[in-house]
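Reviewing the structure listed below.
Any read-out appearing in this document is the output of simple, stated calculations on the displayed coordinates, not a laboratory observation. The model shown is predicted, which means the values in this text are computed figures rather than measured ones. Every residue, glycine as well, gets a Cβ built from its backbone with ideal geometry; the counts of neighbours run over all protein chains shown.
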Amino acid sequence: MDRTFAALSDPTRRAILSRLAGGEATVMELAQPFAMSQPAISRHLRVLAEAGLITRRVEGAKRPCRLAPGAIAEIDRWLDVLRNALETNYARLDDVLAAQTKERKDEL
């Protein structure tokens, strides 16, 4: 998961993933909106591939990229743990606040 978060820390790589959410694209298609060379985009793609976020296939001279199936699943499971912890904390806070409100009403 460290590699995944390291890959996601770069705004260019996040933009590439957003583009790939719309479907498969070649390196040249992915490079178009950026003011950087094709080799620089290829380095970003290598980082994304090593993190397991994208896959590449060979189609003649082209190397189309796409989002890797299940790439975000590990992050999603980790975020679910955090969400559940937050929900538990908020529920406890709600209980404390409700008890304080009841105590104040009883005092009046």
Inset, instruction - For the chain, find the longest principal axis of its Cα atoms and tell me its angle to the long axis of helix 38-50, 0 to 90°, nearest 10. - result: 50
Legend entry - Helix axis angle, 73-107 relative to the chain longest principal axis, alpha carbon, degrees: 20
Inset, instruction - Positive end of the charge dipole of the chain (Lys, Arg +1 and Asp, Glu -1 on Cβ, about the Cα centre): tell me which of Ala6, Leu48, Trp78 has its Cα farthest that way. - result: Leu48
Inset, instruction - Please go through the stretch 1-102 and write out the chymotrypsin sites (Phe, Trp or Tyr not before Pro) that DSSP classes as loop and that have at most 13 other C-beta atoms within 10 Å. - result: none
Legend entry - Dipole magnitude of the chain, debye to nearest 20 (Cβ charges: Lys/Arg +1, Asp/Glu -1, about Cα centre): 700
